[in-house]
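Novice: Have a look at this one before I ask anything.
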Amino acid sequence: MPMNRSSCSTKMNAPRPPRTFFFKLQSLSYGAGFMSVLTLIAFAGAGCETDANRTTLSGQAEVPKHVILASGDVLKLTFSSAPELNQSQKIRVDGKLSLPLVGEVDAAGKTVGELQSALVEIYKPQLKTPEVTVSLETSLTTVTVSGAVNKPGKVAFERSTTVLQAIMEAGGPSEYGTLRRVRLIRTVNGIQKSQVMDLHDIGKETKPFYVRDNDIIFVPQSTF
């Protein structure tokens with residue numbers, strides 16, 4: 001899959017202060033030189049790269065909530081006015097559920113909230129109080145890990161998983177791989193976006209970044 005070649009990327013590590021501009025300031029005259037340096041510093045602070053507090057991809061320190069349901073996901077259905085209908089059910093390979101009183105219902109491709117709203121409408125003719133609560137018990141998340149890892153390919157998880165955990169499930173970086181500039185590629189509303197993160201200092205206190213279904217993780221080779 002082609003990489004996003006935009007010159008703008010998001011770094012997980014904080015940008016270094018513009019020391020170069022400080023040293024230049026001492027060698028320039030107070031007039032035009034001083035104003036030029038201030039202009040350079042302003043452009044440096046407003047550049048393409050952003051820090052971890054302004055990530056372009058959601059998922060930092062947060063378990064994904066708006067999961068798109070897929071076959072294999074297990075849902076718990078709770079009917080407040082008809083507890084005898086309460087059940088847990090796995091979405092079939094055709095993307096459907098087989099529910100009491102209403103028969104087959106499409107579930108795959110919807111979020112939990114969308115399915116819940118749909119079931120409320122479907123059960124209105126059947127129940128006096130059609131209150132249905134849908135919760136996701138287990139979800140199968142599949143990501144592709146590529147680049148300099150020991151076992152590149154697709155990896156599937158039934159629990160919330162971070163980018164680093166996904167890389168470790170793919171055998172970890174190869175002897176030529178590095179965790180310093182890992183690229184996460186994610187499709188958001190039909191648009192492919194990417195983000196670069198530094199996962200090398202795993203002992204440092206950092207917020208976890210969770211993968212989502214169909215994410216692509218690319219581990220680059222070390223330049224040394």
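Novice: With a point put 7 Å past each Cα toward its Cβ, work out how far residue 223 is from residue 86 in nm, to one decimal.
Specialist: According to this spin-label approximation, the distance is 5.8 nm.
Novice: Which ³J(HN,Hα) values, rounded to whole Hz and listed in residue order, are derived for segment 187-201 from phi using the Karplus coefficients 6.51, -1.76 and 1.60 in 6.51 cos²θ - 1.76 cosθ + 1.60 with θ = phi - 60°, glycine and proline given as x?
Specialist: Here the 3J(HN,Hα) series is 8, 10, 6, x, 10, 7, 10, 9, 8, 9, 9, 9, 10, 6, 7 Hz.
Novice: Then there is this: As a quick test, which of the pairs 90/193; 76/154; 154/193; 76/110 have an alpha carbon distance above 21 angstrom in this structure?
Specialist: Numbers: 90/193 31 Å; 76/154 27 Å; 154/193 19 Å; 76/110 15 Å.
From 90/193; 76/154; 154/193; 76/110, over 21 Å: 90/193; 76/154.
Novice: List the residues, sorted by chain then number, that are 5 or more residues from residue 138 or on another chain and whose placed amide H is less than 5 Å from its amide H.
Specialist: Amide H neighbours of residue 138, under 5 Å, 5+ apart: 74.
Novice: Still on this structure, please answer the following. Using 0.36 nm per residue, how much length does the chain from residue 137 to residue 78 gain when fully extended, once their Cα-Cα distance is taken away? Please list the in-between numbers first.
Specialist: Numbers: separation 59, 0.36 × 59 = 21.24 nm, distance 1.23 nm.
Difference between extended and current length: 20.0 nm.
Novice: To continue, here is another question. Taking the alpha-carbon distance from residue 207 and a cut-off under 16 Å, which aspartates and glutamates remain once sequence neighbours fewer than 8 residues away in the same chain are dropped?
Specialist: Output for residue 207: 51, 62, 198.
Novice: Something else: Determine ³J(HN,Hα), in whole Hz, for all residues of segment 119-134 in sequence, where each value follows from phi through the Karplus function 6.51 cos²θ - 1.76 cosθ + 1.60 and θ = phi - 60°; x replaces Gly and Pro.
Specialist: Each residue of segment 119-134 in turn: 5, 4, 5, 5, 8, 4, x, 9, 10, 5, 10, x, 8, 10, 10, 10 Hz.
Novice: Just to confirm the filter: which GluC sites (Glu not before Pro) across segment 115-156 are DSSP coil and have at most 16 other Cβ within 10 angstrom of their Cβ?
Specialist: 131
Novice: Counting other Cβ atoms within 10 Å, keep those with at most 13, restrict to DSSP loop, and tell me which chymotrypsin sites (Phe, Trp or Tyr not before Pro) in segment 119-197 are left.
Specialist: Details: sites: 123, 157, 176; in loops: 123, 176.
For chymotrypsin sites (Phe, Trp or Tyr not before Pro) across segment 119-197 that sit outside H, G, I, E and B with at most 13 neighbouring Cβ atoms in 10 Å, the list reads 176.
Here, each number is a calculation from the coordinates, and none is a lab measurement. If you're wondering where the values come from, they're calculated on a predicted model, not measured in any experiment. A quick note on method: Cβ atoms are made from the backbone with ideal geometry, for glycine too, and the neighbour counts reach across all protein chains shown.
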